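What follows is a single structure, written as structure tokens, with notes after it.
The values are calculated or read from the model by the stated rules, or taken from the named source; none is laboratory data. Note that the structure is predicted; figures quoted are calculated from it, not measured. Using ideal geometry, Cβ is built from the backbone for each residue, glycine included, and neighbour counts are taken over all protein chains shown.
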Amino acid sequence: MSARTPEEASKLNALLNKQYRYLDYKWDLVFWVTALPLAAAAADITRLLFAGDWDFWTDWKDRQWWVTITPFAMIIIPSALQYIAWQLCRFPVGFTYTAVGLWLVSWLARWLQWSVFVDYPLNFVWPATIVPGAILTDWILLKTRSFVITSVIGGMAFSIAFWVANSITLAPFLQPVSFMAGILTVADVQGVSYLRSATPEYLRMIEHGTLRSFLEETAVVAILFGGTVATAGYWVGQGIGRMISIWPIMKFMRKV
């Protein structure tokens, strides 16, 4: 059998590289598509555990607790994915990837569970979005290449972007209406019309606290405080990401 000429060997190598490159692209696509529901489910579970009703019912999306607790709950898993993606391939997409997956999974779950099976209107159980804040936080990491700077600036930007992005959707439900000889918002009317289980907590006093002492700007103070809390949540996610990406390797090395 005659040896291949350099030209033939070069053509064969190019053909093999093209085939392997196709396999790499295909498996990358399979990985990103199959990992999306897992990342979204982790983010949704974290949101439900920490934010709970404050990010579920429209009448609970108030100016005090919703903008304070929800950014903290929704920044943890995106931060973990951001660390893993950045460490593996310097690819700042962890926040955006998780946010898009969370948006898809949340709307699918709210539509199936509450609109189809329970017959609640979607405008009462709509999920908040973190996609604009996620894009902004990934962009900050891309430009600064520092997790510390991203945690401080990105945490505050994430909280502010969360309010700006969702206030557009929430604004129509804050309009005052006359209901049963009283003045309520559209969101409160929805809360009265659609009863839920475990009712005592729904009889709470809206925005009951001392934040109005600060020039009566409840939303502004809550958003700024939510940015501080989101910074802490960012580092919780960083710890989770480092444990997931480093701990299995260290365990394997100890066995060796």
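Summary table below
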{"read-out": "Residue that is in contact with an Asp or Glu (Cβ under 8 Å, 6 or more places away or on another chain) and either hydrophobic (A, V, I, L, M, F, W, C) or without any contact (Cβ under 8 Å) to a residue 40 or more places away in the chain (or both), where the choices are VAL105, VAL116, VAL131, VAL100", "value": "VAL105"}
{"read-out": "Among (1) within 16 Å of GLY233 (Cα to Cα); (2) touching a Leu at 6+ places or on another chain (Cβ under 8 Å); (3) among the small types (Gly, Ala, Ser), the one test that SER115 misses", "value": "(1)"}
{"read-out": "Count of residues meeting criterion [in contact with a helix residue (DSSP H, G or I) (Cβ under 8 Å, 6 or more places away or on another chain), modelled with pLDDT of 90 or more and exposed (fewer than 15 other Cβ atoms within 10 Å of the Cβ)] in region 86-127", "value": "5"}
{"read-out": "Count - residues of region 139-185 that are in a helix (DSSP H, G or I) and without any contact (Cβ under 8 Å) to a residue 24 or more places away in the chain", "value": "11"}
{"read-out": "Matching residues in region 58-97 - criterion: being in a loop (DSSP other than H, G, I, E, B) and without any contact (Cβ under 8 Å) to a residue 24 or more places away in the chain", "value": "ARG90, PHE91"}
{"read-out": "Some residue of region 147-157 being more than 24 Å from THR96 (Cα to Cα) and either surrounded by 14 or more Cβ atoms within 10 Å (Cβ to Cβ) or modelled with pLDDT of 90 or more (or both)", "value": "no"}
{"read-out": "Out of GLY233, GLY241, sole residue that is at pLDDT 85 or above, in contact with a helix residue (DSSP H, G or I) (Cβ under 8 Å, 6 or more places away or on another chain) and within 15 Å of VAL67 (Cβ to Cβ)", "value": "GLY233"}
